[in-house]
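Peer 1: Here it is, the structure, as structure tokens.
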Amino acid sequence: MIFPSHCRLIGVVDKYAREDYKPDDIVYFSSQYVLVFEAPDKCEVYEVQSCGEGFLREKKSARKISGVDETLVYSPAMDITNRAHMIKKAAELCKNKITTVVFRGVDRHYNFVHRPDTSELTQVDVFDVAPPWPAWLAYNIQRQDDAGMYGELMFDFKYNVTDLKDLEDPKRTTIFPCRASGLDGLFLDSLDREPEGDIKLVGCNTSKLIFETKYPGKPFEHVNVCPLTNVKPVRPFILRCCQSEKLGLKDIGGIKGVVVHWGSNPREIYEAVRLLSSSLVQ
């Protein structure tokens, strides 16, 4: 895969608008690649070397990476700092003859991906629970990722959300932690009287402790939905937990991850993802 680290390494020539353009024209000192547009939607990609001093230098050599028939100019404009998104999009588009996808940024700078390789991305599992919808951790990571806030981390987030609605059971006295979920059942945060019948408590260990404190000795089935308790990770992960003493970096079965608080704000979630990234490169 060839994927320049920054748009400053790429020169752009609109050949169709420059009648006097010559292949051996001078290049900017930082240019390692040149995109030569034969038309607004037709492009060739070259790797170049220059020689000399100063900002503008003589072109020493030029190697064609992909021709017009091998290059797709992607539209619409996108955030070209979001490297993981560009690799995934290029991988979708490189079919048949196409080996290279050229992206124009919203700021009209350019980058490209040649022979995209998604194996260079680090897959990160996001474990969450809902309702309430949206699942707060997954929601914030998704929108931050879409905004390019993790652009250079090369993370490919995989979202795993447990839907508590699947645990509704009208045949039993089902108790959920919080009425904000809007689920069909009773709610531990608003029980006005002692529950009766075949009780199923859906919640984490905190819910279990609260129930046992409030109704000592009362029989019930506990369905633990805490991601930190249930997860058996196979790759880096991030999840949330309501117990403050369990926050921070974790190692579960040799797999690194990070735990944020159930009520973490977007900045705290962002910092946790960055913390996970730093731990993975150590």
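Peer 1: Within the range 121-282, how many Lys pairs sit with Cα atoms under 22 Å apart, leaving out pairs fewer than 8 places apart on the same chain?
Peer 2: Lysine pairs meeting both conditions in the range 121-282 amount to 18.
Peer 1: About its Cα centre, what dipole magnitude does the range 7-118 give when the only charges are +1 on Lys and Arg Cβ and -1 on Asp and Glu Cβ, stated in debye to the nearest 20? Intermediate values should be presented prior to the final figure.
Peer 2: On the way: 18 positive and 17 negative charges, 65 e Å.
Result for the range 7-118 is approximately 320 debye, rounded to the nearest 20.
Peer 1: While we're on this one: Just checking the chain: which Cys have no other cysteine's beta-carbon under 4.7 Å?
Peer 2: Cys7, Cys43, Cys51, Cys94, Cys178, Cys241, Cys242, each lacking another Cys Cβ under 4.7 Å.
Peer 1: Related question: Roughly what angle does helix 136-146 make with the longest principal axis of the chain, taking Cα atoms, 0 to 90 degrees, to the nearest 10?
Peer 2: 0
Peer 1: For q = 0.08, 0.10, 0.21 Å⁻¹, what log10 I(q)/I(0) does the range 121-282 give under the Debye formula with an equal point scatterer on each alpha carbon and no solvent?
Peer 2: -0.27, -0.41, -1.32
Peer 1: Restricting things to alpha carbons, tell me how big the range 1-84 is in terms of Rg and Dmax, in Å.
Peer 2: 13.1, 38
Peer 1: Another question, then. Using the 10 angstrom Cβ neighbour count as an exposure proxy, how do Phe103, Phe55, Phe187 rank, fewest first? Intermediate values should be presented prior to the final figure.
Peer 2: Details: Phe103 23, Phe55 8, Phe187 15.
Fewest-to-most Cβ neighbours within 10 Å comes out as Phe55, Phe187, Phe103.
Peer 1: Strictly greater than 28 Å: what percent of every Cα pair in the chain meets that?
Peer 2: Values: 21253 of 39621 pairs.
Summing the P(r) of the chain above 28 Å gives 54 percent of all pairs.
Peer 1: If you don't mind, there's one more thing I want to ask. Determine the shape class of the range 103-152: with a ≥ b ≥ c the square roots of the Cα gyration tensor eigenvalues, call it rounded for a/c under 1.5, and otherwise prolate if a/b is greater than b/c, oblate otherwise.
Peer 2: Details: a/c = 4.01, a/b = 1.79, b/c = 2.24.
Oblate.
Peer 1: Lysines near Lys22 by alpha-carbon distance under 21 Å, same-chain residues fewer than 8 away left out - which ones?
Peer 2: Of all the lysines, those that pass the test against Lys22 - Cα under 21 Å, at least 8 places apart if same chain - are Lys42, Lys59, Lys60, Lys64.
Peer 1: Using a Gaussian network model of the chain with C-alpha springs under 10 Å, which one of Lys89, Lys158, Lys218 is most mobile by mean-square fluctuation?
Peer 2: The residue with the greatest mean-square fluctuation here is Lys218.
Peer 1: With an 8 Å cut-off on Cα pairs and a minimum separation of 6 or more residues, tell me the relative contact order of the chain in percent.
Peer 2: Numbers: 536 pairs, mean separation 32.3, N = 282.
In percent, rounded to a whole number, it is 11.
Peer 1: Check the straight Cα-Cα distances from Lys97 and name the aspartates and glutamates below 14 Å, setting aside those fewer than 8 residues away within the same chain.
Peer 2: Within the straight-line limit of under 14 Å, Lys97 reaches these aspartates and glutamates: Glu44, Asp69, Glu70.
Peer 1: While we're looking at this one, here's another question. Okay, helix-only estimate at 222 nm for the chain: each DSSP H run of n ≥ 4 adds -39500 (n - 2.57), divide by all residues, round to 500 deg cm²/dmol; what do you get?
Peer 2: On the way: 5 runs with 51 residues, N = 282.
So the helix-based figure for the chain works out to -5500 deg cm²/dmol.
Peer 1: For Met149, Met1, what ranking results if the residue with the fewest other Cβ atoms within 10 Å of its Cβ goes first? List each step's numbers first, then the result.
Peer 2: Numbers: Met149 17, Met1 13.
Ascending Cβ contact count within 10 Å gives the list Met1, Met149.
Peer 1: Express in nm, to one decimal, how much length is gained between Ser279 and Lys97 on full extension, taking 0.36 nm for each residue of separation and deducting their alpha carbon distance.
Peer 2: Difference between extended and current length: 61.6 nm.
Peer 1: While we're looking at this one, here's another question. Give me the Kirkwood hydrodynamic radius of the range 231-276 in Å, from all C-alpha pairs, to one decimal place? Write out the running numbers ahead of the final one.
Peer 2: Working: mean 1/r = 0.0940 Å⁻¹.
Taking the inverse mean of 1/r over all distinct Cα pairs, the range 231-276 comes out at 10.6 Å.
Peer 1: Quick one: grab the alpha carbon gyration tensor of the range 77-214, order the square roots of its eigenvalues as a ≥ b ≥ c, and give me rounded if a/c is under 1.5, else prolate or oblate depending on whether a/b is larger than b/c. Provide the component values of the computation, followed by the final result.
Peer 2: Numbers: a/c = 3.97, a/b = 3.31, b/c = 1.20.
Verdict is prolate for the range 77-214.
Since every read-out is calculated from the coordinates, none of them should be taken as a lab result. In this text the structure is predicted, and so the values were computed from the model without any measurement. Every residue, glycine as well, gets a Cβ built from its backbone with ideal geometry; the counts of neighbours run over all protein chains shown.
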